[in-house]
Every structure is written in C-alpha cells, then in structure tokens.
Amino acid sequence: MSKILIRGAKVLDGEPQDVLIDGETITEVGAALSATGARVIEADGQILLPGLVDLHTHLREPGREDSETVLTGTRAAAVGGYTSVHAMANTFPVADTAGVVEQVWRLGRESGYCDVQPVGAVTVGLEGKKLAELGAMHDSAAGVKVFSDDGKCVDDAVIMRRALEYVKAFDGLIAQHAQEPRLTEGAQMNEGIVSAELGLGGWPAVAEESIISRDVLLAAHVGSRVHICHLSTAGSVEIVRWAKSKGWNVTAEVTPHHLLLTDELVRSYNPVYKVNPPLRTEADVMALREALADGTIDCVATDHAPHPHEDKDCEWGAAAMGMVGLETALSVVQHTMVETGLLDWAQVADRMSFRPARIGRLTGQGRPVSAGEPANLTLVDSAYRGQVDPAGFASRSRNTPYQGRELPGRVTHTFLRGRATVVDGKLA
Amino acid sequence: MKRHLISAADLTRDDAVLILDTAEEMARLADRPIKKLPTLRGRTIVNLFFEDSTRTRISFEAAAKRLSADVISFSAKGSSVSKGESLKDTALTLEAMGADAVVIRHHDSGAPHRLATSGWIGGSVVNAGDGTHEHPTQALLDAFTMRRHLGQGTGSDLAGRRVTIVGDILHSRVARSNVHLLSALGADVTLVAPPTLVPIGVGHWPCEVSYDLDSVLAKSDAVMMLRVQRERMNAAFFPTEREYARRYGLDGERMARMPEHAIVMHPGPMNRGMEITADVADSPRCTAVEQVTNGVSIRMAVFYLLLGGAEPAVSEPAAPALTRTEESS
Ligand SMILES: [Zn+2]
C-alpha cells in the first residue's frame, strides 16, 4: 500500500484540506478527497509544512560515532520534522575528499530517514592552508554543492577568495564559520559584562563581524555567493543587511538557540550552554529575531552538535562546545518567532525549508505542498505543550540546553518521499 | 554563611564582618604557646590543587592543622587534564574518602562552582583561586589586613576607605574578588591599569577605573599592587616592561605622594622592579608579609564557619570537636 491520505491538515496554516500521497509524490490537495485504498492520517487541524531542510548538521560519522552516527542523526532529524540535512565536514577523517563525502552520502541513503547532503571541507584537513579537491567532491556521487570548514574559520583572505572564485565553476557555495582566530584565542563565552564577571575568556562580537565584513566584500569582488553560518550578533545582522542592500549574493543562517538563549545563562557555569559562536546578549537575540523576520537572515539552521555525556559533565573550560538541536528546532522557532508574531507558519516554511533548499541547490526538497511535488512533509501539532525530555531523544547525545523547559509544538508525522519516517511522534 | 565559599560576590557585609571577626579570634591563637585548637578534630579537609601554588596550599594546610583537622593534599598539577574527567573522577574519590571540605585551586574559571553544584561531592567547597575568576580568601585576608590598619576594629567594616588596585585587572582573580568584597564592606575601589588590562564590561562593577596611577595615589588609603606576568608582554598588553614599570609601577617617589597612613599591599610573589621597586617592597608601609600571616587566620575562620562553627571559635579552648551538622553532611 502506498497511498496515504492526510485528512484535515492546515497546509502552511491555511484552511484545513486533504492531501493525498501516492508513492513518492503528492497527487492531490483539496477538500474532501476520497480515501479509497489509502491509509488515512487524521490531521485534525494540525499544520502541514514542507519537510524541513537543515543547512548545518553535525552527524559525527566517520570518527565520532560515540556522539552520533548518520543513522542516529538522521533519525533525530526525522523526529524534528526534517527530510534533508547537510552533514558538516569536520569529521575524522575530515570530509575533504570524494571518498569521504561519498561514504557519508551513501550512509544517508541507507539510513532511509532523511536525505543527507555532505558538506565538503574548503581546505585540506580544515587547516585553512590548501584548497581541498572541491571539484572532485562536486563530481562525486554525493554531488557536493556546499563547502565549509565549519568549526574553523577560513581566515586567510587569499584562500577564501580562491575558494569563492573556484566554486563558481559548478555553482558551489562557501559557507563560512566567521571567527577571527587571533581575536578569539582562549575564548570561552561572549565577551562582555558576564565574561568580565565570570573571568572567562571573551569571544568578542567583532571577531565575527570583521570576518563577515571581509567575506561579503570578497564575494562581491569576485562575483560569487557566500553563506554566513550561525550569525550571532546584532552587528553581523547589520553587515548582512548592508551587503544585501548592495545586491550582493550573500545568505545567512541563525540557530534556534541564538534566537532564545543569552550569555546570562553561563553564570551557571553549566557546560550545556557552551557553544560556538557563544550565546550573546538579549539585544543580539532581539536583532536576530528581527532579521529572520524581515528576511535579512535567510534561514534557520540547527548547528546540531552532539557530544557524549562525559564531554559535558566536567568543568566549563574542559567541556566541548555545541548543543544538539534537530529535535527541538521547530519548537524553539514556534516559541521565539511564531508566538511572538514575528513569523507566520508560511514564513516558517520559507525559513526552514524553501530557502535553505534553494541555498543548498537541492532539487527535490523545499518544494511547495501541491500536486506533483515530492511528498516530503511535516505535520505539526502546534497546540502541544510539554517539557523537553532528552531521555526520549533519538539522537545519540543529550546535550540540550532545554532539559525540563516547556516548549510548544510537536512534530507528529514526517514523510520522506511518501514514506512515513515518524508516526504519532515516534520513529516509524 | 552558605555551605561553600566560591565567590566573594556571595558574601554579604555581615558575612564578611563575621569572617573578619572570627579571624581576629583565630589570630589571637598565634600568641599562645600551643597554636592549636581541637575544633575540627576528626574532620577531613582536602587540598585539591590543579595549579601550582605552594604559598596558598601551605596557608590552607596550616589553617586546617591549627584547627586539628586531618589534611590531605592532592596535587593534580602536571597530570594530563585534557578532558576534564579528572575533576569529576577526583571529586568522586574524595567523596568516597569522606572529605568534609575540599579546597580547590583550578586553572579553569568556574571549576569550584561546578564542583559545588554538580552533585559530585557532598562536603563544603572552598575556592582557592579559579582561572581568572575569583580568589575569595585572598580578598578576605586583604580586607582583614586593611581593617587592622585602617578600620575601627572588631565589628567594623571599611566604610569610606579608598582602595586602589593596580595592574593586570583583566587576568586577576584577586582583583575580581577584592572589588566585590571591598564594596560590600563599604570601601570605594579604584582600579588602575593600562586599558588593555581592564576587562570589557568593567563599567558594571562597583568601582571606578583610571588609567593614571599618579592621579589617584594622593587619595588612596591602601594601594594594592598586583603581580604582572611577564608573558603578558608577548601578547601585546603593553609595549615593554620598562614602560609598564614607569607608568604603573610603584616606586619610592610615588609612595611618598600617598597619605601618611596609607599602606602598600601585594598578594605576592612580587616582581621587584616590575610592579613594585625593592625599596617600596621592603618599606614598613608594605604589608605583603603581614598578609601572609593573616591568610592563615582568615582560612581558619573560613573552615571554622563553613564546617559548622556556631559559637565563638576561641572562647572555649577545650571545646570538644564539633559534630557534623546536617547541612554539611
Ligand atoms: Zn560553526
């Protein structure tokens, strides 16, 4: 049986409709569709979105399978409503060759829970010195379009310029982790009032903003497109806004945690809040929300960064940076953007599916919910309220900052090309 | 008093005065033929030092021993503390050994806070210096020294006294703790340093900031010189040692411009010729050696109060060992 009828779903929060899936495709969207021969899912007014697309996920395989694997990571993605994730290149070995990106891509296909688009490293070993074989990664079965040394900044201006120029040959994209390395030596949290009090090394906003400034200028100069990962400061927003006003080809993402959490939380010295870029101030959070709402920031990306318990159950200075995010992203966006009136659900679909798919040049993802389109769908119970309980996470890691926090919304169903990967909130 | 001493910022004025008063009682013990109290007999205090500091470790050790506690010193310095498990694992070991108090010195800011709040350990935690965060017992002994010279005696605070702290504020846990504690005690604090060694965000601290030492000397009741680490020079915090000494060092000429009653303080060890000249260091106005002595009294007071001391500490010399209170179990 391959027919599924989703009955009474608000498509992008519109009037309730029925959506018929046959095989891998949406065949009909309309009122009172026939259920003959179809498995019926009563949506009961839940919100139907296109399957979410993440431009920034760490799946940790190969190399750190104790944190996450392609299988566990894609299962977590499905639970979070994602049908496609970009797997970052900072694995062991680094995804800087056709061989590694093909391995990750194949593992993604075998997992069956979510499309996996490997991100290729920009430089060999993420060392920032020598370009990796960008063309070979593009030509491989993985068909890599997005390249990033994420976790590290491509700080050499010449290397960055060459990378931006080189990928124009195949419409590739350089995604930059903007962090001036000298300004962030020994940095452990946002530099400001709280870092001064806590005596923790400061990560100043200008370390992010100076790199973004340089990179948008470089991209404009060589006529390429650049994507800025995880914007975290109000100043970064201003620079991206300025670059866009010039008509330059720059896109940007923000993580859910930077839309909600501030550096005040670091007062607990609880390493669950240790993340890179660091949590910033309330004013930064408000600027980021505003920018996501007005489109200056194109999309939400999770920066899902799983770490095993022991890497966080220690003192702040020794703890690993990062937090998991796939399974809570939509809830945080509902909480910070929808319930504040900054975005409606159609705009959420834009920021979490359409636009990231377009930035990543994906063809079968981030498509409208209409007849003839691939059936990549996410059904959301937006009325749900509940406490986050990491014990139930599909991710192999539990390093969430939201443990015990009440967040709205729950993904009840996820469909990957017509196959249910999540049913009633549980992995299928 | 709370169960732990992690930060001077946690101390109210009354907490601080209680500790200083208790330390006065402890100091009187030094005049007795037998410098030992039975107060903490049967209790175990562990010195857990992840960072080398012989001076501080010995001071805590002496304080614990004068109160008849069993002292275990654990030096984790030099071990490959790459992942941080060692703090947790060490804590679990100490817990299994029944430590009543753990004195921790750590290179990471927040490590004592983490030790006290993570549930790894049940006893009291005393911060003996964490990263560039705090060193509360140092601030307490500094305040104790100031009160002896500038204060009104037992029960008093430092209201209206003007304290100038000079040097590497950015990396100084001593400065952080002193700003909190001295302001709680009513003193007016001014920090003096080149702008590169003043933390961003200092505007929110209860103190003034000046880049000019000469302009504040004449109105200081105490001038505290901080140790400047020579490696700061390589990171371009200031151009040369010579220039630093010229602009921010305390020499005899500058000392002469301080009020007659004003004291010169230094947490030690001193870089003679850098932040302080030899003649100032050896002058009777410099309290550096006295601070070391006072450190033992302060740490005795802290142990006594944290580990359940409710009555005056010294009035009954033959008092039996205190029983473990519910709070510290
Ligand atoms: Zn990154």
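In the set A:202, A:247, which member is open to solvent by less than 30 Å² (accessible area, probe 1.4 Å) and either within 18 Å of residue A:153 (Cα to Cα) or more than 14 Å from chain B (Cβ to nearest Cβ) (or both)?
Going through A:202, A:247 in turn, just one is open to solvent by less than 30 Å² (accessible area, probe 1.4 Å) and either within 18 Å of residue A:153 (Cα to Cα) or more than 14 Å from chain B (Cβ to nearest Cβ) (or both): A:202.
Please report, ordered by residue number, the strands (runs of 3 or more DSSP E) entirely within the stretch B:98-192 with at least 3 residues that are under 27 Å from residue B:87 (Cα atoms) and more than 13 Å from every other protein chain (Cβ to nearest Cβ).
The qualifying strands (runs of 3 or more DSSP E) are B:101-106, B:124-130.
Looking at the stretch A:79-108, which of its residues are over 14 Å from residue A:143 (Cβ atoms) and within 13 Å of the chain's Cα centre (by Cα)?
Hits for the stretch A:79-108 are A:80, A:81, A:82, A:83, A:85, A:88.
Regarding residue B:223, is this residue at pLDDT 95 or above, within 30 Å of residue B:70 (Cα to Cα) and of a type in the set (A, V, I, L, M)?
Here the answer is no, as residue B:223 does not meet what is asked.
Considering only residues that are open to solvent by 30 Å² or more (accessible area, probe 1.4 Å) and under 19 Å from residue A:145 (Cα atoms), which ones fall in the stretch A:221-238?
Scanning the stretch A:221-238 gives a single hit, A:223.
Somewhere in the stretch B:68-86, is a residue modelled with pLDDT of 95 or more, closer than 26 Å to residue A:311 by Cα and away from chain A (no Cβ under 14 Å)?
no
Do we have any residue at all in the stretch A:277-293 that's open to solvent by 10 Å² or more (accessible area, probe 1.4 Å), within 16 Å of the ligand (Cβ to nearest atom) and within 14 Å of another protein chain (Cβ to nearest Cβ)?
no
How many of the residues making up the stretch A:239-269 are on the phi < 0 side of the Ramachandran plot, without any contact (Cβ under 8 Å) to a residue 40 or more places away in the chain and out of contact with any Leu (no Cβ under 7 Å at 6 or more places or on another chain)?
9
Answer yes or no as to whether residue A:218 is over 23 Å from the mean Cα position of the chain (by Cα) and open to solvent by less than 40 Å² (accessible area, probe 1.4 Å).
Yes.
Among the residues of the stretch A:268-276, are any more than 14 Å from every other protein chain (Cβ to nearest Cβ), buried (at least 24 other Cβ atoms within 10 Å of the Cβ) and within 16 Å of the ligand (Cβ to nearest atom)?
The answer is yes; a qualifying residue exists.
State all residues of the stretch B:39-53 that are open to solvent by 20 Å² or more (accessible area, probe 1.4 Å), out of contact with any Lys or Arg (no Cβ under 8 Å at 6 or more places or on another chain) and touching a residue at least 60 places away in the same chain (Cβ under 8 Å); if no residue qualifies, say none.
B:41, B:42 - these are the residues of the stretch B:39-53 that are open to solvent by 20 Å² or more (accessible area, probe 1.4 Å), out of contact with any Lys or Arg (no Cβ under 8 Å at 6 or more places or on another chain) and touching a residue at least 60 places away in the same chain (Cβ under 8 Å).
Name the single residue, out of those in the stretch A:175-193 being more than 14 Å from chain B (Cβ to nearest Cβ) and not in a loop (DSSP other than H, G, I, E, B), that is farthest from the chain's Cα centre (by Cα).
A:176
Taking the residues in the stretch A:297-319 that are in contact with a His (Cβ under 8 Å, 6 or more places away or on another chain), within 27 Å of residue A:352 (Cα to Cα) and part of a loop (DSSP other than H, G, I, E, B) as candidates, determine which candidate is farthest from the other protein chains (Cβ to nearest Cβ).
Ranking the candidates gives A:301 first.
Look at residue A:196 and say whether it is within 14 Å of another protein chain (Cβ to nearest Cβ), at pLDDT 95 or above, closer than 29 Å to residue A:261 by Cβ and in a helix (DSSP H, G or I).
Working: within 14 Å of another protein chain (Cβ to nearest Cβ): yes; at pLDDT 95 or above: yes; closer than 29 Å to residue A:261 by Cβ: yes; in a helix (DSSP H, G or I): yes.
In short, yes.
From the list B:284, B:259, exactly one residue is within 26 Å of the chain's Cα centre (by Cα) and open to solvent by 60 Å² or more (accessible area, probe 1.4 Å). Which is it? Write out each step before concluding.
Working: B:259 fails: open to solvent by 60 Å² or more (accessible area, probe 1.4 Å).
Step by step, each of B:284, B:259 is checked, and only B:284 is within 26 Å of the chain's Cα centre (by Cα) and open to solvent by 60 Å² or more (accessible area, probe 1.4 Å).
Based on what the data block shows, is residue A:23 closer than 19 Å to residue A:109 by Cβ, away from every other protein chain (no Cβ under 14 Å) and either within 16 Å of the ligand (Cβ to nearest atom) or surrounded by fewer than 16 Cβ atoms within 10 Å (Cβ to Cβ) (or both)?
So residue A:23 fits the description; yes.
What number of residues within the stretch A:131-160 are within 19 Å of residue A:217 (Cα to Cα), away from the ligand (no atom under 16 Å from the Cβ) and either surrounded by 17 or more Cβ atoms within 10 Å (Cβ to Cβ) or among the aliphatic types (A, V, I, L, M) (or both)?
3
Which of the residues that make up the stretch A:370-424 are hydroxyl-bearing (Ser, Thr, Tyr), open to solvent by less than 40 Å² (accessible area, probe 1.4 Å) and part of a strand (DSSP E or B)?
Once the filter is applied, which keeps residues that are hydroxyl-bearing (Ser, Thr, Tyr), open to solvent by less than 40 Å² (accessible area, probe 1.4 Å) and part of a strand (DSSP E or B), the stretch A:370-424 yields A:378, A:382, A:412, A:414, A:421.
Quick check: is even one residue across the stretch B:47-68 under 18 Å from the mean Cα position of the chain (by Cα), outside any loop (DSSP other than H, G, I, E, B) and among the acidic types (Asp, Glu)?
Yes, the stretch B:47-68 contains at least one residue that is under 18 Å from the mean Cα position of the chain (by Cα), outside any loop (DSSP other than H, G, I, E, B) and among the acidic types (Asp, Glu).
When you go through (1) in contact (Cβ under 8 Å) with a residue 12 or more places away in the chain; (2) away from the ligand (no atom under 14 Å from the Cβ); (3) open to solvent by 20 Å² or more (accessible area, probe 1.4 Å) one by one for residue A:321, which number turns out not to apply?
Checking residue A:321 against (1) in contact (Cβ under 8 Å) with a residue 12 or more places away in the chain; (2) away from the ligand (no atom under 14 Å from the Cβ); (3) open to solvent by 20 Å² or more (accessible area, probe 1.4 Å), the one that fails is (2).
Is it the case that some residue within the stretch A:164-174 is within 16 Å of the ligand (Cβ to nearest atom) and more than 14 Å from chain B (Cβ to nearest Cβ)?
yes
Filtering the stretch B:141-168 down to residues that are over 18 Å from the mean Cα position of the chain (by Cα) and touching a residue at least 40 places away in the same chain (Cβ under 8 Å), which residue is most open to solvent (accessible area, probe 1.4 Å)?
Checked the stretch B:141-168; the qualifying residue most open to solvent (accessible area, probe 1.4 Å) is B:162.
The values are calculated or read from the model by the stated rules, or taken from the named source; none is laboratory data. Bear in mind the structure is a predicted one, so any value in this text is a computation, not a measurement. Methodologically, a virtual Cβ is constructed for each residue, glycine included, from the backbone with ideal geometry; neighbour enumeration extends over all protein chains shown. To get the accessible areas, we keep the full protein, side chains included, count just its heavy atoms, and leave off ligands, DNA and RNA. Shrake-Rupley method; radii C 1.70, N 1.55, O 1.52, S 1.80 Å.
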